[in-house]
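The values are calculated or read from the model by the stated rules, or taken from the named source; none is laboratory data. Since the model is a prediction, treat every value here as computed from it, not as a measurement. So basically every Cβ, Gly included, is an ideal-geometry build from the backbone, and we count neighbours across all protein chains shown. To get the accessible areas, we keep the full protein, side chains included, count just its heavy atoms, and leave off ligands, DNA and RNA. Shrake-Rupley method; radii C 1.70, N 1.55, O 1.52, S 1.80 Å.
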Amino acid sequence: MATIALSASSMAAIAASSVHGPRRIRTLSSNPDTALLRDLAAYVTSGELRPVIDSVHPLTDIAAAHQAFERGGVVGKQVVRVAGE
C-alpha cells in the first residue's frame, strides 16, 4: 500500500504490525515537495513510468483486494477504485 498522508492511528497500526504481525509492513518516510510530486505525475502521464497493476477492485469489494494481497503470488499492485473518481 502506498499513501501520501497518514493519521496517528494509522502510524500506530503500522508500528504494531511491524513488530507483532506475521507479515511485517515495511515503511519509508520522506517529505516530497510539490515539484517532486509534479515531476512524478508527469512521468506517469507521459507513460515513462507505468505502475504494474494486478487487479482493480471497487471500494465495495475492498476485502477482495486484501485477500489477494494476503494470498501472495500476485504480480503488481492491488488497486481500490473509489466511486466517482
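Give the residue, chosen from Ala15, Ala35, that is at pLDDT 85 or above and either open to solvent by less than 60 Å² (accessible area, probe 1.4 Å) or on the phi > 0 side of the Ramachandran plot (or both).
Every option except Ala35 fails the conditions.
Taking Pro58 as meeting all but one of (1) modelled with pLDDT of 85 or more; (2) touching an Asp or Glu at 6+ places or on another chain (Cβ under 8 Å), write down the number of the exception.
Of everything listed in (1) modelled with pLDDT of 85 or more; (2) touching an Asp or Glu at 6+ places or on another chain (Cβ under 8 Å), Pro58 misses just condition (2).
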